[in-house]
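Worksheet for the structure shown next.
The values are calculated or read from the model by the stated rules, or taken from the named source; none is laboratory data. Note that the structure is a prediction, hence the values are computed from the model and not measured. All Cβ positions, glycine included, derive from the backbone under ideal geometry; neighbour counts span all protein chains shown. Side chains included, ligands, DNA and RNA excluded: accessible areas come from the protein's heavy atoms. Shrake-Rupley method; radii C 1.70, N 1.55, O 1.52, S 1.80 Å.
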Amino acid sequence: MTPPHGGKPQSRGRRPPGFATRSSPGHARNVDTLTRMSDLGTGVRLLGRGQRWVASHKRWYGFGLIPAALALTLYLAALVALGLYAGDLAAWATPFADDWQEAWRTPLRVTVGVLFFAGGLMLAVLTFTAVTLLIGDPFYEKLSETVEASEGGVPSGPEQPLWRELWRSLCDSLYVLMWALAFAVPLFVLGFVPFLGQTVVPALGLCVSAFFLTVELTSVAMQRRGVPVRERMRVLRGRKRLVLGFGVPLAAAFLVPFVAIFLMPGAVAGATLLVRELTPDQPSGPAPVPASPLGRFGPPTA
């Protein structure tokens, strides 16, 4: 059909050059970019929601501080002992240097002692969350259940005795620790490479710590759903940006002394919300909120 005034026919629905239609590769890239940014923002938002949840439930927040405080006390005592005996450990590890001149022996053993302490500190960072969750399993299990109940329902899972839950948590934590060390040890060695060790390695190390920290924190809600640790890691790898949005700010905050104690209850609550985000189709049913933060592990309530 020829338009009036002799104009050229225009095809209906024509797009300007470079305009990305819904079926074009450009549109797919735009959607993918938005999804990635959305996942990062969602992770940060879930972490904040968890902290706000415990802030508005002060009784649960207070009980959630106890396991983290106990774990931190144990780690501080172990690190102080390691620092005091680092020299003896260095001498034990370098008997071949006994006959060296002091000008050579002392720098070697100081270096070895520093490496012993740095290794212990790295191990403490990697295992703090797992040990805290193990110590506070009854606390955090009930805290997580209450968060789920407030969000619409608790997934039904098999009832297990406490010793079996603790054993499963220990085995899962050792499995996660094995993978964490597989990444942490090479990064620790690369940290001595000039420039690379002061720029790229710290950023990669923070991301690795964030991922495995999130793996540990989601264990409470994932175990309730019967998700084994290997499947849990696979699910989290599939949403890496969501995990990093949640875990990177938390891992960075945990580097500040004593901050981990105060953020741990909210981290567990936020990780529970994160699991609900990852498993939206998980069947759940209403569950009463326990009258005591310790639930069946606490004193009977009226």
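Please go through the stretch 77-104 and pick out each residue that is closer than 14 Å to Phe117 by Cβ and free of Cβ contacts under 8 Å to residues at least 24 places away in the same chain.
Val80, Ala81, Leu84, Tyr85, Asp88, Ala93
Does the stretch 132-176 hold any residues that are open to solvent by 40 Å² or more (accessible area, probe 1.4 Å), at pLDDT 80 or above and over 18 Å from Phe63 (Cβ atoms), and which are they?
Glu151, Gly152, Trp167, Arg168, Leu170, Cys171, Leu174, Tyr175, listed by residue number.
With the checklist (1) closer than 25 Å to Val110 by Cα; (2) open to solvent by 70 Å² or more (accessible area, probe 1.4 Å) in hand, flag the one item Leu82 doesn't pass.
Every condition holds for Leu82 apart from (2).
In the stretch 185-223, how many are of a type in the set (Phe, Trp, Tyr) and not in a loop (DSSP other than H, G, I, E, B)?
3
Do the conditions hold for Ser209, that is, is it hydroxyl-bearing (Ser, Thr, Tyr) and touching a Gly at 6+ places or on another chain (Cβ under 9 Å)?
Taking the combined requirement at face value, the residue satisfies it.
Would you call Gly226 in a helix (DSSP H, G or I) and at pLDDT 70 or above?
no
Just for the stretch 86-103: of the residues that are of a type outside the set (Ser, Thr, Tyr) and outside any helix (DSSP H, G or I), which one is most open to solvent (accessible area, probe 1.4 Å)?
Asp99
Any residue in the stretch 230-254 that's touching a residue at least 60 places away in the same chain (Cβ under 8 Å) and over 11 Å from Thr214 (Cβ atoms): show its pairings with residues that are of a type in the set (Lys, Arg) and open to solvent by 60 Å² or more (accessible area, probe 1.4 Å) at Cβ separation under 8 Å, as long as the two are six or more apart or on different chains.
Qualifying pairs under 8 Å: Arg241/Arg36.
Assess whether Ser292 counts as being within 18 Å of Ser144 (Cβ to Cβ), modelled with pLDDT under 90 and open to solvent by less than 20 Å² (accessible area, probe 1.4 Å).
Yes.
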